[in-house]
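**Q** Got a structure for you, written out below as structure tokens; questions coming shortly.
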Amino acid sequence: MNPAALDRRSFLRLSLFTGGGLVLGVSLRRSARAGEAEVARVTGVTDANFAPNVYVRIAPDGTVTIFSARPEIGQGIRTSLPMVVAEELEVDFHTVKVVDAPLDPAYGNQTAGGSNSTPQSYLPLRRAGATARVLLLTAAAQTWGVPVTECFARSGAIHHRDSGRSLTYGELVAKAATLPLPDPATVPLKDPKDFKLLGSRVAQVNSLQIVTGQPLFGIDQKVPGMLYAVYTRCPVFGGKVVGANLAAIKALPGVKDAFIVSRTFEGVTALVPGVAIVADSTWSAFSARQQLDVTWDEGPHAGDSWASFVQQAQRAAQSGALKRVRQEGDPDAALAGAAKVVEASYRFPFVSHLTLEPQNCTVTIEGDQVKVLAPTQSADEVRRVVSAYLGLPPANVTVTVTRNGGGFGRRAQGDYALEAAAIAQKVGAPIKLTWTREDDLQHDHFRAAGFDFFKAGLDAQGRLTVLTQQHVGFDPHWCPGPNDYPSNFVPHYRFNLGQLANNIPMGQWRAPRSNTSAWVVCTFLDEVAHAAGRDPVAFNLELLGHKDLVYSPSGKGQPYNAARMREVVRVVAEQSGWGEKLPPGRGRGLGYFYSHLGYVAEVAEVTISKAGDLTVDRVVAAVDVGSQILNLSGAENQIQGSIIDGLGTAWHGELNIEKGRITQSNLQDYPMIRMPEAPRKIEIHYVKTDYPPTGLGEPALPPLAPAVGNAIFAAIGKRIRELPFAKTDLSWS
Amino acid sequence: MSQFTLNVNGRNRSVDVAPETPLLWVLRDHLDLVGTKFGCGVGQCGACTIHLNGAPGRACLTPVSAAAGAKILTIEGLSEQGTHPLQRAWVELDVAQCGYCQAGQIMTAAALLADNAHPTDEDIDNTMAGNLCRCATYTRIRAGIHRAAELAAAGPEGAR
Ligand code: FES
Ligand code: FES
């Protein structure tokens, strides 16, 4: 069959793969059919353009290869998405080869982030697997001269029910590849109740390589003739290099070159000026750097400090001059007429991503061709910035994505690749740039800090009738926003925004925006519930109301599915034993939040010793990510990890700023949660609903911080209004 | 530069490096044994954990000069085919997320099990506190160590 003869707009494409076999490409273009349009509207899944995203290859020897086009950052996507194809295709998963697809515009969106991979891929991947199955069934039926309805697929073969005959997929591919492509709309998908693979526990495909130390990660890569680079940036954001002792550095053992990079690149992903040292090994470069002496022009932000940001934020909030972003009803009149008014303010610091694999990138430039090896969440971004910086067409930049030693949003940026490209260009040899942990911690695109000032008014029945929120922050992209919950649930509402002048790089950090919004909102709602003398679960369920879908007054944007949220709150209350009395020093708290298409409610149970030591004994989570958990093992791992990460960040995560620079430098002054502090019990309850499956990299994180903070209040009556928790003395008597 | 002979995973290997070079970078850059990971460089994360004469150590803090003459064991040498009970348990329970910390976790746990065949949760927590898992797979690491203890007790092919 001639691939060119196919309708390019067809949902699935079929072609002969080099070397023979059946190859199916699947497009993520959203069909305009009513059913899917409805899905898009309800869940917020957006159009992802017409482009093949994954290929299934069945070779004549029967080998099934599934190409994975999204980066593995620890979220399990390299296992769970191929499982979707394998389920419909009826092959045993352990026989499938999973291979990374190269970065190619033909694949469309190859970014991992925002828990988007699952919702964007689920249905198209099922269709890919099912279409291949139908073609193989048809090929077998024709071979035997029997009706297709008498045949069935199982374990990589087609079987004839009556005669017991069977043919393996390998034996059928030559014929299957000549058959006309069925209309994808008529391809029968399996009834989910017949799923054998999806919803089971499957260990991720690279497990054995991980536990035997194979070179999977970016930092493990080596290319012929490669040199090793380290890059020193100004500790004050926005500073420039005036000069450096380059001659002395060049004379050090192993050093091949040292130079100032002054041609920068502006944008969301920026190249900041700095000093490069290139050497014959990582350690030669690192140790030479210890002798490096740079004179910096620290620029206009050298006086910035966290203490002054705190003062500025308080002044801004009191000034009454913040920008009004949203208002409904008459909040001032409602507050004046309220039976009770509650006021509180919260603050949270900058935090780092601290992917355990520090940023790194290997770049080879040969003539006008560039090869980039990078642990990145966004090969597209890497290609875009590197080609722009080098003045080459994007097609000249080949990006190979390695396994990522953690992502959490950090590797959505491409700064490490820009630096590596700039250095490789100057040196004229392939280089691997490795960031030290100090570089990584201090030159992150940080989770934005912020300050939130709330007022709420209750009516005589203790119902919330008015809410005002003033957020003063650093970057409007990455802070709590005017449309966050519960903006559409309160008749009188106002959101004001204030912006502090700063030059701090910020970016997405696991469950961006939601991770801080959930904490301020759910903590304040808990304060309001207690002020009203109400049980927090009852109060929050009442606030969630009776409607199923709640739209913003403008009718724009995705509706909030209050029915799904009420259900997870109800389930978590029931499963956690909410309402049972606990002795003094022990308490339970509720957090719930919608983020990244997932509805999650969590109850934390804590014990606080009289001396103030906090133990999180148990976390119960109710999670609604739609109709199907793809890989039970991966899902559980993501939820446990999100809960523990959420706890560690809320408990310890804090960067300080003095003289325009981050004062922390490494793990000795930036503590991260360790095993002894991880909750001993984490219980997960999946609430299955009739919505397409969505991702789990993020949504279980935001509810955790308020759940623990509210549990601390329940245990000892102390309200924590500043993160991290470790700043507050929790001793009691 | 100085010449050092290192005994790594039972083989003698020669390297010519500055004496203060951390063993971590000798393993990774010079001997192409990249299973031992760089996480912090200051002894705080445990990603670089190796065994020196059977005891767990931090390769990022061990100058090559101090490692010469010792028996060095890295994740690549823990077993021939990835069949150490911890490796089997890790695959069975699907412990890893990104996987970057896991070689270090396994090396620390291997030393624990060598000393204490049936550690309690508390033993595990205390021993493993020096190993950071940024993906926070602690629940499964703890379970994986218990499972490995069972597998080890059942012998090389047992407890499948
Ligand atoms: S790299 Fe050695 S302890 Fe972190
Ligand atoms: S699995 Fe990612 S750091 Fe442990």
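The values are calculated or read from the model by the stated rules, or taken from the named source; none is laboratory data. Keep in mind that what you see is a predicted model, and the values were worked out from it rather than measured. Ideal geometry is used to build each Cβ from the backbone, glycine not excepted, and the neighbour counts take in all protein chains shown.
**Q** What number of residues within segment A:557-590 satisfy the criterion of being among the polar types (S, T, N, Q) and either modelled with pLDDT under 95 or in contact with a His (Cβ under 8 Å, 6 or more places away or on another chain) (or both)?
**A** Summing the residues that are among the polar types (S, T, N, Q) and either modelled with pLDDT under 95 or in contact with a His (Cβ under 8 Å, 6 or more places away or on another chain) (or both) in segment A:557-590 gives 2.
**Q** Here's something else I'd like to know. So if I check each of A:ASP613, A:ASP624, A:ASP617, which one is in contact with a strand residue (DSSP E or B) (Cβ under 8 Å, 6 or more places away or on another chain) and surrounded by fewer than 20 Cβ atoms within 10 Å (Cβ to Cβ)?
**A** A:ASP617
**Q** Counting only residues that are closer than 21 Å to A:GLY199 by Cβ and of a type outside the set (S, T, N, Q), give me the strands (runs of 3 or more DSSP E) lying completely in segment A:64-182 with at least 1 of them.
**A** Here the list reads A:64-68, A:97-100, A:151-154.
**Q** So, one more: Just to confirm my filter: which strands (runs of 3 or more DSSP E) fall fully inside segment B:1-57 and include at least 2 residues that are within 7 Å of another protein chain (Cβ to nearest Cβ), closer than 18 Å to A:GLY254 by Cα and over 14 Å from the mean Cα position of the chain (by Cα)?
**A** Of the strands (runs of 3 or more DSSP E) lying wholly inside segment B:1-57, none has at least 2 residues that are within 7 Å of another protein chain (Cβ to nearest Cβ), closer than 18 Å to A:GLY254 by Cα and over 14 Å from the mean Cα position of the chain (by Cα).
**Q** Related question: With the checklist (1) surrounded by 24 or more Cβ atoms within 10 Å (Cβ to Cβ); (2) modelled with pLDDT of 95 or more; (3) under 18 Å from the mean Cα position of the chain (by Cα) in hand, flag the one item A:GLU636 doesn't pass.
**A** Of (1) surrounded by 24 or more Cβ atoms within 10 Å (Cβ to Cβ); (2) modelled with pLDDT of 95 or more; (3) under 18 Å from the mean Cα position of the chain (by Cα), only one is false for A:GLU636: (1).
**Q** Restricting to strands (runs of 3 or more DSSP E) lying wholly in segment A:439-531: which have 2 or more residues that are without any contact (Cβ under 8 Å) to a residue 60 or more places away in the chain?
**A** Output list reads A:464-473.
**Q** If you go through segment B:1-53 one residue at a time, how many are more than 16 Å from ligand 1 (Cβ to nearest atom) and not aliphatic (A, V, I, L, M)?
**A** Residues flagged as more than 16 Å from ligand 1 (Cβ to nearest atom) and not aliphatic (A, V, I, L, M) within segment B:1-53 amount to 16.
**Q** Residue under question is A:VAL341, and the condition is that it be outside any helix (DSSP H, G or I), under 27 Å from the mean Cα position of the chain (by Cα) and either in the same structural domain as A:LEU525 (by TED's automatic domain parsing) or in contact (Cβ under 8 Å) with a residue 12 or more places away in the chain (or both); does it hold?
**A** Criteria not met by A:VAL341.
**Q** Tell me, which strands (runs of 3 or more DSSP E) wholly within segment A:226-327 include 1 or more residues that are touching a residue at least 60 places away in the same chain (Cβ under 8 Å)?
**A** Output list reads A:227-233, A:255-261, A:274-279, A:294-297.
**Q** Still on this structure, I have one more. So which of A:ALA650, A:ALA715 ends up being more than 25 Å from the chain's Cα centre (by Cα) and buried (at least 23 other Cβ atoms within 10 Å of the Cβ)?
**A** Going through A:ALA650, A:ALA715 in turn, just one is more than 25 Å from the chain's Cα centre (by Cα) and buried (at least 23 other Cβ atoms within 10 Å of the Cβ): A:ALA715.
**Q** What are the pairs, 6+ residues apart or on separate chains, where a residue within segment B:129-146 that is more than 8 Å from ligand 2 (Cβ to nearest atom) has its Cβ under 7 Å from a residue that is among the aromatic types (Phe, Trp, Tyr) and at pLDDT 95 or above?
**A** Taking only residues 6 or more apart or on different chains, the pairs are B:GLY144/B:TRP90.
**Q** Output the residues belonging to segment A:123-163 that are farther than 18 Å from A:PRO182 by Cβ and within 43 Å of the chain's Cα centre (by Cα).
**A** A:ARG154, A:SER155, A:GLY156, A:ALA157, A:HIS159
Yes/no per residue for (1) at negative phi; (2) surrounded by fewer than 18 Cβ atoms within 10 Å (Cβ to Cβ):
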| site | (1), (2) |
| --- | --- |
| A:ALA270 | yes, yes |
| A:VAL278 | yes, no |
| A:THR282 | yes, no |
| A:ALA285 | yes, no |
| A:GLY299 | no, yes |
| A:GLN312 | yes, yes |
| A:LYS323 | yes, yes |
| A:GLY329 | no, yes |
| A:ALA339 | yes, yes |
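**Q** Of the residues A:GLY164, A:GLY114, only one is surrounded by fewer than 22 Cβ atoms within 10 Å (Cβ to Cβ), on the phi > 0 side of the Ramachandran plot and without any contact (Cβ under 8 Å) to a residue 12 or more places away in the chain; which?
**A** Among A:GLY164, A:GLY114, only A:GLY164 is surrounded by fewer than 22 Cβ atoms within 10 Å (Cβ to Cβ), on the phi > 0 side of the Ramachandran plot and without any contact (Cβ under 8 Å) to a residue 12 or more places away in the chain.
**Q** Looking for something out of contact with any helix residue (DSSP H, G or I) (no Cβ under 8 Å at 6 or more places or on another chain) and over 16 Å from A:LEU89 (Cα atoms) - is there at least one such residue anywhere in segment A:152-159?
**A** no
**Q** How many residues does segment A:375-389 hold that are outside any loop (DSSP other than H, G, I, E, B) and within 18 Å of the chain's Cα centre (by Cα)?
**A** 4
**Q** Could you check A:THR355 against (1) within 25 Å of A:GLY450 (Cβ to Cβ); (2) away from chain B (no Cβ under 14 Å); (3) within 26 Å of the chain's Cα centre (by Cα) and say which number it fails?
**A** Every condition holds for A:THR355 apart from (2).
**Q** Can you give me the ranges of the helices (runs of 4 or more DSSP H) entirely in segment B:59-139 with at least 2 residues that are away from ligand 1 (no atom under 16 Å from the Cβ) and either facing chain A (nearest Cβ under 8 Å) or under 16 Å from the mean Cα position of the chain (by Cα) (or both)?
**A** Because the criterion is at least 2 residues that are away from ligand 1 (no atom under 16 Å from the Cβ) and either facing chain A (nearest Cβ under 8 Å) or under 16 Å from the mean Cα position of the chain (by Cα) (or both), the helices (runs of 4 or more DSSP H) in segment B:59-139 that meet it are B:85-93, B:102-115, B:121-128.
**Q** From (1) among the small types (Gly, Ala, Ser); (2) touching a residue at least 40 places away in the same chain (Cβ under 8 Å); (3) more than 10 Å from chain B (Cβ to nearest Cβ), pick out the condition that doesn't hold for A:ALA203.
**A** All conditions are met except number (3).
**Q** Hey, another quick one. Here are the criteria: (1) in contact with a Lys or Arg (Cβ under 7 Å, 6 or more places away or on another chain); (2) within 14 Å of chain B (Cβ to nearest Cβ). Tell me which single one A:VAL236 does not satisfy.
**A** (2)
**Q** Turning to a different aspect of this structure: Does A:VAL372 fit the bill of being farther than 29 Å from A:GLY450 by Cα, under 25 Å from the mean Cα position of the chain (by Cα), assigned to a helix (DSSP H, G or I) and of a type in the set (A, V, I, L, M)?
**A** no
**Q** Would you call A:GLU658 among the acidic types (Asp, Glu) and either under 18 Å from the mean Cα position of the chain (by Cα) or at positive phi (or both)?
**A** no
**Q** For segment A:411-423, state whether one or more residues are within 16 Å of ligand 2 (Cβ to nearest atom) and either surrounded by fewer than 24 Cβ atoms within 10 Å (Cβ to Cβ) or under 23 Å from the mean Cα position of the chain (by Cα) (or both).
**A** Looking for residues that are within 16 Å of ligand 2 (Cβ to nearest atom) and either surrounded by fewer than 24 Cβ atoms within 10 Å (Cβ to Cβ) or under 23 Å from the mean Cα position of the chain (by Cα) (or both), one finds at least one in segment A:411-423, hence yes.
**Q** Return yes when B:THR49 is surrounded by 18 or more Cβ atoms within 10 Å (Cβ to Cβ), more than 16 Å from ligand 2 (Cβ to nearest atom) and in the same structural domain as B:PRO22 (by TED's automatic domain parsing) and no when it is not.
**A** So B:THR49 does not fit the description; no.
**Q** What single numbered condition from (1) aliphatic (A, V, I, L, M); (2) surrounded by fewer than 19 Cβ atoms within 10 Å (Cβ to Cβ); (3) away from chain B (no Cβ under 14 Å); (4) in a loop (DSSP other than H, G, I, E, B) fails to hold for A:VAL223?
**A** Of (1) aliphatic (A, V, I, L, M); (2) surrounded by fewer than 19 Cβ atoms within 10 Å (Cβ to Cβ); (3) away from chain B (no Cβ under 14 Å); (4) in a loop (DSSP other than H, G, I, E, B), only one is false for A:VAL223: (3).
Yes or no, residue by residue, for (1) over 23 Å from A:GLY299 (Cβ atoms); (2) touching a strand residue (DSSP E or B) at 6+ places or on another chain (Cβ under 7 Å):
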| residue | (1), (2) |
| --- | --- |
| A:ILE219 | yes, yes |
| A:CYS234 | no, yes |
| A:GLY238 | no, no |
| A:ASN245 | no, no |
| A:ALA248 | yes, no |
| A:GLU266 | no, no |
| A:PRO273 | no, yes |
